[in-house]
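Written out below as structure tokens is the structure these notes cover.
The values are calculated or read from the model by the stated rules, or taken from the named source; none is laboratory data. Since we're looking at a predicted model, the values are computed, not measured. Using ideal geometry, Cβ is built from the backbone for each residue, glycine included, and neighbour counts are taken over all protein chains shown. In case anyone asks, the SASA skips ligands and DNA or RNA and just uses the protein heavy atoms, side chains included. Shrake-Rupley method; radii C 1.70, N 1.55, O 1.52, S 1.80 Å.
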Amino acid sequence: NVPSRSALNMTTQTVCALAEVPNIVGIKEASGDLAQIGAIIDATAGHGPEGFRVWSGNDSDTLAVMALGGYGVVSVASHLVGRQIRAMIDASLDGRNVEAAAIHHRLMPLIDILFIELLFLVLTSAYTDSTSLSLSLPPAATGIRDPEPLPGTIRVTVDADGTLHAAISGALTY
């Protein structure tokens, strides 16, 4: 359920009907509506031999969805900080909520940057070393707001304690 990329938001009733289909085992839930996500988790808990699974479809909602009984995340940020997201999920599952929240808060600056309409552009390169990550963006394709914006770069550095710092340069914002 990804209403920002489709024509509609699937209702709780629709998801519950889909949960009755034997070969549908779960849903990527990216509505951003935590009340709806909680209702889906509650209503589908007994479906299937292992229950109907609800994965967060928004990196920023992962911890909240886990707290509601969600199963994990279908993540964009995990391609860059997968170990940290895994640590947050493991901490949440183990009941180490303060640790999970601390990881979540450290990741949010990067997650916020990744969703500045970046999914409409193609990342042309990404490289990592022990302390930093850079993402370079090409000029946007013709027809996307400005046909000839300058390329931009996001530079993310990680301190020894895991704190993320991000800087934007070039034409990442319109």
Amide H contacts of Gly26 (H built 1.01 Å from N, under 5 Å, at least 5 apart or other chain): Arg53
Unit Cα scatterers, Debye sum, the range 34-80: log10 I(q)/I(0) for q = 0.14, 0.16 Å⁻¹: -0.32, -0.41
Length added when fully stretched, His105-Arg83, from 0.36 nm per residue minus Cα-Cα: 6.4 nm
In sequence order, calculated HN-Hα J values of the range 77-85 (Karplus, 6.51, -1.76, 1.60; Hz; x Gly/Pro): 4, 5, 5, 10, 9, x, 4, 5, 5
Positive minus negative residues near Arg53 (Lys, Arg vs Asp, Glu; Cβ under 12 Å): -1
³J(HN,Hα) computed for each position of the range 56-68 - Karplus, 6.51 cos²θ - 1.76 cosθ + 1.60, integer Hz, glycine/proline x: 5, x, 10, 3, 5, 9, 3, 5, 5, 5, 4, 5, 7
The range 75-114: translational diffusion in µm²/s, Stokes-Einstein, Kirkwood Rh over Cα pairs, 4 °C, 1.567 mPa s: 129 µm²/s
With all protein chains modelled, accessible area of Ser60 [1.4 Å, Å²]: 50 Å²
Amide proton proximity set for Gly72, modelled H, under 5 Å, gap of 5+: Ser56
